[in-house]
1. Mind checking which pairs have a first residue in region 140-158 that is aliphatic (A, V, I, L, M) and a second that is in a loop (DSSP other than H, G, I, E, B) and modelled with pLDDT under 95, Cβ under 7 Å, 6 or more apart or different chains?
2. Tell me, please, whether a residue that is in contact with a strand residue (DSSP E or B) (Cβ under 8 Å, 6 or more places away or on another chain), within 14 Å of the ligand (Cβ to nearest atom) and among the hydrophobic types (A, V, I, L, M, F, W, C) can be found in region 104-120.
3. Return only the number of the condition from (1) near the ligand (Cβ under 9 Å from one of its atoms); (2) touching a Pro at 6+ places or on another chain (Cβ under 7 Å) that TYR91 does not satisfy.
4. Could you check region 70-89 and list, in sequence order, the residues that are closer than 18 Å to ASP140 by Cα and hydrophobic (A, V, I, L, M, F, W, C)?
5. Of the conditions (1) within 16 Å of the ligand (Cβ to nearest atom); (2) exposed (fewer than 15 other Cβ atoms within 10 Å of the Cβ); (3) over 11 Å from the mean Cα position of the chain (by Cα), ILE98 clears all except one; give me its number.
6. Only one residue in GLN5, GLN17, GLN22 is part of a loop (DSSP other than H, G, I, E, B), surrounded by fewer than 17 Cβ atoms within 10 Å (Cβ to Cβ) and polar (S, T, N, Q), so which one is that?
7. Is it the case that some residue within region 45-52 is surrounded by fewer than 17 Cβ atoms within 10 Å (Cβ to Cβ), out of contact with any strand residue (DSSP E or B) (no Cβ under 6 Å at 6 or more places or on another chain), farther than 25 Å from THR114 by Cβ and of a type in the set (Val, Ile, Thr)?
8. Within the set of pairs 6+ apart or on separate chains, which have a first residue in region 30-54 that is part of a loop (DSSP other than H, G, I, E, B), a second that is buried (at least 16 other Cβ atoms within 10 Å of the Cβ), and C-beta atoms under 6 Å apart?
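The values are calculated or read from the model by the stated rules, or taken from the named source; none is laboratory data. Computed from a predicted model, the values in this text were never measured in an experiment. Neighbour counts run over all protein chains shown; Cβ positions are idealised from the backbone, glycine included.
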Amino acid sequence: MKTKQDEKMNLLEEYMQEMKKQPYAESQLIGILHKAQELYGYLPEDVMEAIAYGMNIPAARIWGVASFYHYFNLEPVGKYTLSLCLGTACYVKGAGKILDRMREYLNVDVGQTTEDRLFTLQEARCLGACGLAPVLMVNDRIYGKLTPDSTIELLDKLKKDAK
Ligand code: FES
């Protein structure tokens, strides 16, 4: 019987086969790592090894690329990934204060996951929604025009919804 893990690996392998038809470029590797993160939620070590093997690229190179870009997660993430934008427009409109409140409320620092595995706190540089600054992305959804209070209300709501 096929497990979910097998299915994910099959999907990743299919994706790599497609990528292999094109001349190798770093952007393809980034695309593959994105696909892997979409499937697994982060980049487990054995998955990166499978990519190295499948694409015939040294594992150290994969690791180097994955750790260079901040949007790749090398550790398991929470149910909600909170990416707070600290780009100029958001920062000017108070993103720094929001970050302080989030850190305090969640009791984690940027890059960390709460003990209950509900939230992972991340920072981002311009999410392309400057008109809505300050902006927070929760998984794939954007929330804008936030204040420290409305952000905590949002986190409270997400917490309740997760129960
Ligand atoms: S600076 Fe935050 S969305 Fe552009």
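1. Every condition considered, the pairs that remain are ILE142/LEU127.
2. no
3. Status for TYR91: all satisfied but (2).
4. PHE72, VAL77, LEU82, LEU84, CYS85, LEU86
5. (2)
6. GLN22
7. Within region 45-52 (the criterion being surrounded by fewer than 17 Cβ atoms within 10 Å (Cβ to Cβ), out of contact with any strand residue (DSSP E or B) (no Cβ under 6 Å at 6 or more places or on another chain), farther than 25 Å from THR114 by Cβ and of a type in the set (Val, Ile, Thr)), the answer is no, since none of the residues qualifies.
8. Filtered contacts from region 30-54: GLY41/VAL77; TYR42/ASN73; TYR42/VAL77; LEU43/ALA36; LEU43/GLN37; LEU43/ALA66; LEU43/PHE72.
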